[in-house]
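Q: After the structure tokens below, expect a handful of questions from me.
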Amino acid sequence: MQRAIRAAAAAAGRALLSARASPPPPRAPGWSATRWLCSSREALSYDVVIVGAGPAGLAAAIRLKQLCRAADADLSVCVVEKGSEVGAHVLSGNVFEPRALDELIPKWRQEDAPIRVPVSSDKFWLLTKNQAWTLPSPFDNKGNYVISLSQLVRWMASKAEELGVEVYPGFAASEILYNENQIVTGVATNDVGIAKDGSRRETFQPGRITLLAEGCRGSLSEKIIRNHKLRERGQGQHQTYALGIKEVWEIEEGKHEPGSVIHTVGWPLDTKTYGGSFLYHLDDRQLAIGLVVALNYRNPFLSPYDEFQKFKQHPAIKKLLEGGTAIQYGARTLNEGGFQSIPYPVFPGGAIIGCSAGFLNVPKIKGTHTAMKSGMLAAEATFKALIEGSSMELYWDNLKKSWIWEELHKARNYRPAFEYGFIPGMAFSALERYIFKGKSPYTLKHGRPDHEATDTANLHVPIQYPKPDGLLTFDVPTSLYRSNTNHEHDQPPHLRLRDPTIPERVNLPLYVSDEKGDPKLQINAQNCLHCKACDIKDPKQNIEWTVPEGGGGPGYTVM
């Protein structure tokens, strides 16, 4: 049935997904939502439209349908996803805390969920160039699991569809729809099949999508936050970000320890750059290895990608990877602002959930459980709004009463403490964890926004990174190939410059010192991993990241 629905949708031109602007009265059992068409744009009308088939969006969809069944009510729910399939754009470490899933699907252990590897050991290393020093682990991962988040969301999508949710991968939401009262009524997709010159190609196909669980730095979510001043109405501080780079390897049997978890700090990053690495042993001899670098780094010559390649040459890491094979690569930004940066998540006609709002717990290095819980809370508020006529502000009220709020409040001072450097940050984190236990009487503020933190090139010396060896370290094209990234070449570029002259006129002389000849700007948007780092880090905020055709981008399977 779902395939038939998707096929019918793919026959349209430009698609709209619309949610009713005002709550209808309670409906009798068996009521079904109206789907309607208009002559200029085909549209499907649903009660609830969710953009993004990640853990937050799917948790919201599942919870809505659970509430419908319990109340013998009928609400139509649609989830749209820009990836070619559910999970294709989902990347995370991931040591999974099942707290929210226990609430959402209590019997998940009996339902063949891809959560099979419990954490068996939990280590924390301080790396110098040639040594790994064991420190007391600040992570409490007892009862948690090492998983692939892309596999988990595919399983969640199947559970949502079993409940009657319509899930549409391959459709990219590009436009927020408003009614005459400036209430959000849904989203429209970008025109798929529009060539670079604006003409329609013979391969013209539609896109369809909805609101608002896009993950970190979601393009529509950021517009909503900015236009409705939601950051100012929330906790008030700007968001801060990091870039996570990850590979999945198959390693030798004798080196594989299912459930082993290792986190590191220190080398290869300098003492002024916040970040760390992870090594998680999954099943089937698979190892997830990654490096997270805060995007407020100062040195314009620092390359997070090359720092990751260098990290793999550390003696303690190299011996684990030798003899193994890299099978997948990916990258994604993550929110690090925490409690101080939570926006007011409700706007006229909808709400923002998950990492689009920014509920990641930085000292835990976990955000899946909080994203899922936020989706569930939003679903409960949405159900009451549609069935009982209450306000969506119930979501905000319940969020502040939830364990999300309590957890993020306790964790609020760890990340901003590292604004003073690595050693002061480590010392303060130990004080916060073991003495204050998250109950310190003050709240630290974040430093400058990430894009303002980059120094000019004349203040630093270029970093000489070693050439990749093709065995443990790789060049960018090789890694991109492993990410399964692909975009239709003949489409308008989704990486847009607000002022095309700024890169050569401003950025080149200020932030680059070693270009030779006559450098020209070249944007290879078809190689984009959808990590969003360029949009965040650009010093002049000149880059506007917009969605490409639905189905483009990476094709993650085990990330």
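Q: Write down the accessible area per residue of segment 332-443 in Å², having rolled a 1.4 Å probe over the full set of protein chains. Kindly include the intermediate steps, with their values, before the conclusion.
A: Numbers: 3930 Å² over 112 residues.
Spelled out: the 1.4 Å probe surface of segment 332-443, per residue, equals 35 Å².
Q: Turning to a different aspect of this structure: Give me the percent of accessible area attributable to carbon and sulfur for segment 447-506, probe 1.4 angstrom. Before the final figure, lay out the partial values.
A: Values: 2130 of 3800 Å².
Accessible surface attributable to carbon and sulfur in segment 447-506 totals 56 percent.
Q: Hey, if you put +1 on the Cβ of every Lys and Arg and -1 on every Asp and Glu Cβ in the chain, which of PRO98, TYR305, TYR46 ends up farthest toward the positive end of that dipole?
A: Checked the options; the winner is PRO98.
Q: Given 20 °C and 1.002 mPa s, compute D for the chain with the Stokes-Einstein relation, Rh being the Kirkwood radius over Cα pairs; round to the nearest whole µm²/s. Walk me through the numbers on the way to the answer.
A: Working: Rh = 24.2 Å.
It comes out at roughly 88 µm²/s.
Q: In addition: Local charge sum around GLU336 (other residues, Cβ-Cβ under 11 Å, Lys/Arg +1, Asp/Glu -1)? Display every interim value, and only then the final one.
A: Values: positive: ARG415; negative: ASP450.
Combined, the nearby Lys, Arg, Asp and Glu give 0.
Q: Once fully extended, how much extra length lies between LEU431 and GLU111, figured as 0.36 nm per residue of separation less the alpha-carbon to alpha-carbon distance? Display every interim value, and only then the final one.
A: Numbers: separation 320, 0.36 × 320 = 115.20 nm, distance 4.19 nm.
Extending this stretch completely gives an extra 111.0 nm.
Q: How do 88-99, 376-387 rank on mean C-beta neighbours within 10 Å, highest first? Could you put the intermediate results ahead of the total?
A: Details: 88-99: 24.9, 376-387: 23.4.
Packing order, densest peptide first, comes out as 88-99, 376-387.
Q: If you don't mind, another one. Percent of accessible area on segment 330-409 owned by carbon and sulfur, 1.4 Å probe? Walk me through the numbers on the way to the answer.
A: Values: 1120 of 2040 Å².
Solvent-exposed carbon and sulfur of segment 330-409 make up 55 percent of the total.
Q: Considering the alpha-carbon set of segment 447-559 alone, what are its Rg and its Dmax in angstrom?
A: 16.2, 42
Q: Given Cβ point charges of +1 (Lys, Arg) and -1 (Asp, Glu) and nothing else, what value in debye, to the nearest 20, does the dipole of the chain about its Cα centre take?
A: Roughly 920 debye, rounded to the nearest 20.
Q: Report the FRET efficiency, 1/(1 + (r/R0)^6), for THR134 and ASP518, where r is their Cβ-Cβ distance and R0 is 35 Å, rounded to 0.05.
A: With a Förster radius of 35 Å, E is 0.10.
Q: If you don't mind, another one. Using the crude model of +1 on Lys and Arg Cβ and -1 on Asp and Glu Cβ, and no other charge, please compute the dipole size for segment 365-488 relative to its Cα centre, in debye to 20. Could the numbers behind the result be given before it?
A: Numbers: 15 positive and 14 negative charges, 118 e Å.
Computed about the Cα centre, the dipole is about 560 debye.
Q: OK, next. In segment 233-304, carbon and sulfur make up what percent of the accessible area (probe 1.4 Å)?
A: Details: 940 of 2250 Å².
Within segment 233-304, the accessible surface is 42 percent carbon and sulfur.
Q: Moving on to the next point. Give, in whole angstrom and from largest to smallest, the semi-axes √(5λ) of the equivalent ellipsoid of segment 45-144, with λ running over the eigenvalues of the Cα gyration tensor.
A: 37, 18, 11
Q: Averaged per residue, what accessible surface does segment 500-559 expose to a 1.4 Å probe, in Å²? Before the final figure, lay out the partial values.
A: Working: 2830 Å² over 60 residues.
Ligands and nucleic acids excluded, the result is 47 Å² per residue.
Q: If you count only protein heavy atoms with a 1.4 Å probe, what accessible area per residue comes out for segment 109-169, rounded to a whole Å²?
A: Computed with neighbouring chains in place, this is 49 Å² per residue.
Q: If you don't mind, there's one more thing I want to ask. Karplus couplings for segment 455-460 from phi (6.51 cos²θ - 1.76 cosθ + 1.60, θ = phi - 60°), rounded to Hz, Gly and Pro as x?
A: Ordered by residue, 3J(HN,Hα) equals 6, 6, 4, 5, 8, 9 Hz.
Q: Principal axis lengths of segment 247-396 from Cα atoms, whole Å, largest first?
A: 61, 39, 22
Q: Can you compute the FRET efficiency between THR325 and VAL476 using 1/(1 + (r/R0)^6), with r the Cβ-Cβ distance and R0 = 25 Å? Round to the nearest 0.05.
A: Values: r = 19 Å, r/R0 = 0.75.
So, using R0 = 25 Å, E works out to roughly 0.85.
Q: A follow-up question, please. Net charge near MET376, counting Lys/Arg +1 and Asp/Glu -1 over other residues with Cβ under 14 Å of its Cβ? Before the final figure, lay out the partial values.
A: Values: positive: ARG63, LYS65, ARG99, LYS159, LYS373, LYS384, LYS401; negative: ASP102, GLU103, GLU380.
Here the charged neighbours net out to +4.
Q: Step by step: find N for segment 347-433, compute 2.2 N^0.38 Å, then divide the Cα radius of gyration by it. What's the final number? The partial results should precede the final answer.
A: On the way: Rg = 16.1 Å, N = 87, 2.2 N^0.38 = 12.0 Å.
Against the compact-globule rule of thumb, the ratio is 1.34.
Q: Quick one: plug the Kirkwood hydrodynamic radius of segment 478-530 (C-alpha pairs) into Stokes-Einstein at 25 °C, 0.890 mPa s, and report D in µm²/s. Don't skip to the end; give the middle numbers.
A: On the way: Rh = 13.4 Å.
For the chosen part, D equals 183 µm²/s.
Q: Could you tell me, in Å, what Rg and Dmax come out for the Cα atoms of segment 220-300?
A: 18.1, 55
Q: Probe radius 1.4 Å, ligands and nucleic acids left out: which of LYS223, LYS401, LYS540 has the largest accessible area, and how do the rest follow? Each step should come with its number before you reach the end.
A: Details: LYS223 65, LYS401 165, LYS540 95 Å².
Largest accessible area first, the residues go LYS401, LYS540, LYS223.
Q: Shifting gears a bit: How much of the DSSP bridge set in the chain is antiparallel, in percent, rounded to the nearest 5?
A: On the way: 54 of 74 bridges.
Around 75 percent of the beta bridges assigned by DSSP in the chain are antiparallel ones.
The values are calculated or read from the model by the stated rules, or taken from the named source; none is laboratory data. Keep in mind that what you see is a predicted model, and the values were worked out from it rather than measured. Quick reminder, even Gly has a Cβ in these numbers, built from the backbone with ideal geometry, and neighbours come from all protein chains shown. Only protein heavy atoms, including side chains, enter the accessible area calculation; ligands, DNA and RNA are left aside. Shrake-Rupley method; radii C 1.70, N 1.55, O 1.52, S 1.80 Å.
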